[in-house]
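Asks: Input: one structure, supplied below.
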Amino acid sequence: MSTFSDLGISNDLVKGLTEMNIVEPSEIQQLAIPLLLTSTNDFIGQAQTGTGKTAAFGLPLLQKIQPQKQEIQGLILAPTRELCQQIAKQLFKFTKFTDKIFIEAVYGGADMTLQIQRLQRPTHIVVATPGRLMDLIKKEVIDISQVKSVVLDEADEMLSMGFKEDLHGILDYIPTERTTWLFSATMPEGIKEIIKKFLKPNPDRIEVGRSAGVNANITHEFVICNSKDKVQEMLHFLSYHKNERGMIFCQTKQAARVLTKQLQAKNISVDVIEGDMGQRDRDKVMRMFKTEKTEILVATDIAARGIDVKGLSFVLHYQLPQQIEYYTHRSGRTGRAGEKGISIAFISEKDRPKLLDIEKELKIRIKPLS
């Protein structure tokens, strides 16, 4: 097994990793880090969530930063505020023993004035959602003219959330002599378009895990039941998995809110996160879930983008997702960092064809719940 030192990571960063108890590089880290440290070529990494992508791009990016230059040298684009916060926090922890590298996260749903004030300080790396970054560019309050490295993290999620125009605008704005590193679980047409338009010809490519980006550590199962029996079937499952933590996905905000109330009425430790919630409420719900004060989180697909919580045993699909790639992102909340997980769909007979489509498209086997 390679060490981070073997991969070319500096001793100061390795010290930070060791303090975080990160000592063995994951597969994507072993493959990506040496390339990103030494190559001036653009890069495409296809890997599902939970494989260690943040360190795979974050460590080489940090190592390329010149702390004495007080300008933004690195830009990381991510689909959600939660993922931006998570990336910025992790990079900050990596740099505990290095020369001071300043990282700022900017995202929608938070006070823009405060973010602008923070950007007046020396900043080396910006982690941003495309929408908020575009707002800051239009206001001419951020200078990304010196950016040398751009990371597109969970690029497929950014497209599915409607950020295509912003992404194109940002990539047009940044100097063409940059290096672009793109990470995505799936490769829809929109991603291929970005690769063709904005990346240099013949970028370096690596692919980790199955071709569709579905984590091999996750077992996929389904339960057939009438719509009116779904809550009871779910309660039955939860009673067998007491003291385990997981997420439940719904298609709509209304379904998520109703299901949460139904589960709370049965004394389940559960809360909900959905798109209409304010940032303060979202942060409170996530804090309770991450600190294990809440065991179950009900979520819609958009609201759950980028959520990374350790130790989730299962993902339950109260309703199947509207788009097949959402199944990959939902399931990827469990089975992270090498742990085992289970993904269970509660479906009616009329949902069977859609489940078959998911199996065929993602090249996975979804078995009846045993």
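The values are calculated or read from the model by the stated rules, or taken from the named source; none is laboratory data. All figures in this text were calculated on a predicted structure; none of them were measured in a lab. We place every Cβ from the backbone using ideal geometry, glycine too, and count neighbours over all the protein chains shown.
Asks: Mind checking which residues of segment 237-271 are part of a helix (DSSP H, G or I) and surrounded by fewer than 20 Cβ atoms within 10 Å (Cβ to Cβ)? Break it down stepwise before answering.
Replies: Of the residues in segment 237-271, the ones part of a helix (DSSP H, G or I) are 237-240, 253-265.
Phe237, Ser239, Tyr240, Lys253, Gln254, Ala255, Arg257, Val258, Lys261, Gln262, Gln264, Ala265, listed by residue number.
Asks: To continue, here is another question. Would you please list the contacts, defined by Cβ atoms under 6 Å and residues six or more apart or on different chains, that run from a residue in segment 349-370 that is part of a helix (DSSP H, G or I) to a residue that is at pLDDT below 90?
Replies: Close Cβ pairs satisfying both conditions: Ile358/Ile324; Ile358/Tyr327; Glu361/Ile324; Leu362/Ala212; Leu362/Val214.
Asks: When only residues in segment 272-292 that are touching a residue at least 24 places away in the same chain (Cβ under 8 Å) and assigned to a loop (DSSP other than H, G, I, E, B) count, which is nearest to Ser331 (Cα to Cα)?
Replies: Among those residues, the one meeting the criterion is Glu274.
Asks: Looking at the structure I just gave you, is Phe92 under 19 Å from Ile9 (Cβ atoms), surrounded by fewer than 21 Cβ atoms within 10 Å (Cβ to Cβ) and without any contact (Cβ under 8 Å) to a residue 12 or more places away in the chain?
Replies: Spelling it out, Phe92 is indeed under 19 Å from Ile9 (Cβ atoms), surrounded by fewer than 21 Cβ atoms within 10 Å (Cβ to Cβ) and without any contact (Cβ under 8 Å) to a residue 12 or more places away in the chain.
Asks: Within segment 110-141, restricting attention to residues that are touching a residue at least 40 places away in the same chain (Cβ under 8 Å) and surrounded by fewer than 21 Cβ atoms within 10 Å (Cβ to Cβ), which residue is farthest from Gln70 (Cα to Cα)?
Replies: Ala110
Asks: Can you pull out the residues in segment 281-336 that are β-branched (Val, Ile, Thr) and under 18 Å from Leu259 (Cβ atoms)? So that I can check it myself, show each step before the final result.
Replies: Just the residues of segment 281-336 that are β-branched (Val, Ile, Thr), to begin with: 285, 291, 294, 296, 298, 300, 302, 307, 309, 315, 324, 328, 334.
Val285, Thr294, Ile296, Val298, Thr300, Ile302, Ile307, Val315 - these are the residues of segment 281-336 that are β-branched (Val, Ile, Thr) and under 18 Å from Leu259 (Cβ atoms).
Asks: Another question, then. Just name the residue that is nearest to the chain's Cα centre (by Cα) out of those in segment 241-262 that are closer than 11 Å to Leu297 by Cβ and among the aliphatic types (A, V, I, L, M). Outline the logic, then answer.
Replies: Let us first name the residues in segment 241-262 that are closer than 11 Å to Leu297 by Cβ, namely 245-249, 256, 260.
Okay, now just the ones that are also among the aliphatic types (A, V, I, L, M), so 247-248, 256.
Values: Met247: 15, Ile248: 17, Ala256: 21 Å.
By that ranking, first place goes to Met247.
Asks: Only one of Arg333, Arg365, Arg352 is in contact with a helix residue (DSSP H, G or I) (Cβ under 8 Å, 6 or more places away or on another chain) and basic (Lys, Arg). Can you tell me which? Full working, then the answer.
Replies: Details: Arg333 fails: in contact with a helix residue (DSSP H, G or I) (Cβ under 8 Å, 6 or more places away or on another chain); Arg352 fails: in contact with a helix residue (DSSP H, G or I) (Cβ under 8 Å, 6 or more places away or on another chain).
So the residue among Arg333, Arg365, Arg352 that is in contact with a helix residue (DSSP H, G or I) (Cβ under 8 Å, 6 or more places away or on another chain) and basic (Lys, Arg) is Arg365.
Asks: While we're looking at this one, here's another question. For the structure I just gave you, tell me whether Lys64 is within 29 Å of Ile194 (Cα to Cα), in contact with a Ser or Thr (Cβ under 9 Å, 6 or more places away or on another chain) and in the same structural domain as Ile144 (by TED's automatic domain parsing). Steps first, answer last, please.
Replies: Working: within 29 Å of Ile194 (Cα to Cα): yes; in contact with a Ser or Thr (Cβ under 9 Å, 6 or more places away or on another chain): yes; in the same structural domain as Ile144 (by TED's automatic domain parsing): yes.
Yes.
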